[in-house]
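Chemist: Shown below is the structure under consideration.
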Amino acid sequence: MPLAAPHLTGIRGLSTEDIELILETAVEFKDVLQRPVKKVPALRDCTIANLFFENSTRTRLSFELAQKRLSADTITFAAAQSSVKKGETLLDTVRNILAMKVDMVVIRHEHSGVPHWLSGKIKARVINAGDGLQEHPTQALLDAFTLLERFGSLRGLRVAIVGDIAHSRVAKSNLELLRRMGAEVRVYGPTVFMPSGLQEAFGVPKPSPRVADALAWADAVMVLRIQLERMDTKYFEPHEYRSLYGITRARYEAAPQKPVIMHPGPINRGVELSSDMADLEGKSLILDQVENGVAVRMAVMFLLGSKGALQAPTPMY
């Protein structure tokens with residue numbers, strides 16, 4: 001069966017059944033990616049446009065590789081080299097691209113709400129690859145998939161999100177998804193990085209600035225970088241943040257239990273996360289997140305682009 005939701009503009013637009021279907025389908029595509037032939041003909045009749053109005057490397061490459069693995073035809077649009085710089089509106093840009101008979105749009109934009117707005121203006125399926133301070137739904141889905149691989153279940157799992165919550169769309173999507181799937185989530189970090197209304201919006205306990213408490217409590221710690229590009233004021237020097245809030249080996253070793261470490265990237269090594277923690281064998285899941293991002297995005301695009309009932313992926317020989 002396809003997704004009930006016609007688009008993926010945010011986690012709140014998905015039912016619990018949709019989330020479970022995406023994660024179950026990602027398991028099948030993860031298996032495909034382990035085969036000698038890593039390509040399936042699932043979307044060979046589908047044309048996908050990648051519209052990146054904001055700089056991205058990991059997310060864009062992950063989507064592009066997922067599309068190639070599904071045999072889709074793709075075009076990638078970068079705003080820096082486009083007519084947007086000449087004054088063309090977003091809607092005109094998208095309409096011009098859709099005139100090329102595009103079936104699906106993956107969009108990343110610096111302004112919150114653009115993917116949702118666009119989904120009401122065009123007939124193509126829309127996938128949010130990150131919008132302003134709002135959401136990054138495929139990142140939350142791949143994080144959940146990574147945790148499921150490690151722990152077997154999200155129900156009752158204790159997850160600490162540490163760092164710049166206020167400016168993080170990853171945090172907002174994860175708060176919504178993980179709590180929906182039964183995980184217990186708490187947030188930690190500087191008070192200045194905690195948005196107002198966080199407890200009311202997501203039902204989390206009062207935020208704490210004590211990173212040591214996060215390491216002592218959690219089964220998994222999601223570390224976020226300071227998003228300087230979204231700030232008008234510089235609140236910390238790198239060495240200050242590391243000293244007060246960084247996840248260092250010394251802090252980790254002092255914790256009574258040793259949670260796994262996650263990070264959506266890019267990592268500011270030596271600031272929010274020390275290099276030895278980012279690469280800690282057996283405990284760092286960061287490269288697992290990168291690998292799983294391809295499988296999860298394959299699942300999302302397959303389910304949105306599927307014209308019939310869901311079938312198991314068929315290898316292309």
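The values are calculated or read from the model by the stated rules, or taken from the named source; none is laboratory data. Bear in mind that the values here come from a model prediction, so they are computed numbers and not experimental data. All Cβ positions, even for glycine, are placed from backbone atoms using ideal geometry, and neighbour counts span all protein chains on display.
Chemist: Hey, among the residues in the stretch 46-68 that are without any contact (Cβ under 8 Å) to a residue 40 or more places away in the chain and not polar (S, T, N, Q), which one's farthest from Leu142 (Cα to Cα)?
Modeler: Lys68
Chemist: Still on this structure, please answer the following. How about the stretch 41-158: which helices (runs of 4 or more DSSP H) wholly inside it have at least 3 residues that are more than 19 Å from Ile22 (Cβ to Cβ) and assigned by TED's automatic domain parsing to the domain that holds Leu175?
Modeler: Answer list for the stretch 41-158: none.
Chemist: Another question about this same structure. Answer with yes or no whether Arg242 is assigned to a helix (DSSP H, G or I), over 25 Å from the mean Cα position of the chain (by Cα) and surrounded by 14 or more Cβ atoms within 10 Å (Cβ to Cβ).
Modeler: Taking the combined requirement at face value, the residue does not satisfy it.
Chemist: Next question, about the same structure. Can you give me the number of residues within the stretch 257-300 that are in a loop (DSSP other than H, G, I, E, B) and among the β-branched types (Val, Ile, Thr)?
Modeler: 2
Chemist: If you don't mind, another one. Filter the stretch 163-212 down to the residues that are of a type in the set (Lys, Arg), part of a helix (DSSP H, G or I) and in contact with a strand residue (DSSP E or B) (Cβ under 8 Å, 6 or more places away or on another chain) and list them by number.
Modeler: The answer is Arg169, Lys172, Arg179.
Chemist: Looking at (1) touching an Asp or Glu at 6+ places or on another chain (Cβ under 9 Å); (2) within 25 Å of Leu141 (Cβ to Cβ); (3) surrounded by fewer than 16 Cβ atoms within 10 Å (Cβ to Cβ), which is the only condition Gln257 fails?
Modeler: The one condition Gln257 does not meet is (2).
Chemist: Can you name the residue in the stretch 41-62 that is aliphatic (A, V, I, L, M) and surrounded by 22 or more Cβ atoms within 10 Å (Cβ to Cβ) and is also nearest to Asn96 (Cα to Cα) among such residues?
Modeler: Selected residue: Leu51.
Chemist: Could you please let me know if Leu157 is of a type outside the set (Lys, Arg), crowded, with 24+ Cβ neighbours inside 10 Å and at pLDDT 95 or above?
Modeler: No.
Chemist: Let me ask another. Are any of the residues in the stretch 222-229 touching a helix residue (DSSP H, G or I) at 6+ places or on another chain (Cβ under 7 Å), surrounded by 13 or more Cβ atoms within 10 Å (Cβ to Cβ) and at pLDDT 95 or above?
Modeler: Checked against the condition, which is being touching a helix residue (DSSP H, G or I) at 6+ places or on another chain (Cβ under 7 Å), surrounded by 13 or more Cβ atoms within 10 Å (Cβ to Cβ) and at pLDDT 95 or above, the stretch 222-229 yields at least one hit.
Per-residue answers, yes or no, for (1) modelled with pLDDT under 95; (2) among the polar types (S, T, N, Q); (3) surrounded by fewer than 18 Cβ atoms within 10 Å (Cβ to Cβ):
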{"site": "Ser196", "(1), (2), (3)": "yes, yes, yes"}
{"site": "Ser208", "(1), (2), (3)": "yes, yes, no"}
{"site": "Ala220", "(1), (2), (3)": "no, no, no"}
{"site": "Thr233", "(1), (2), (3)": "yes, yes, yes"}
{"site": "Ile247", "(1), (2), (3)": "no, no, no"}
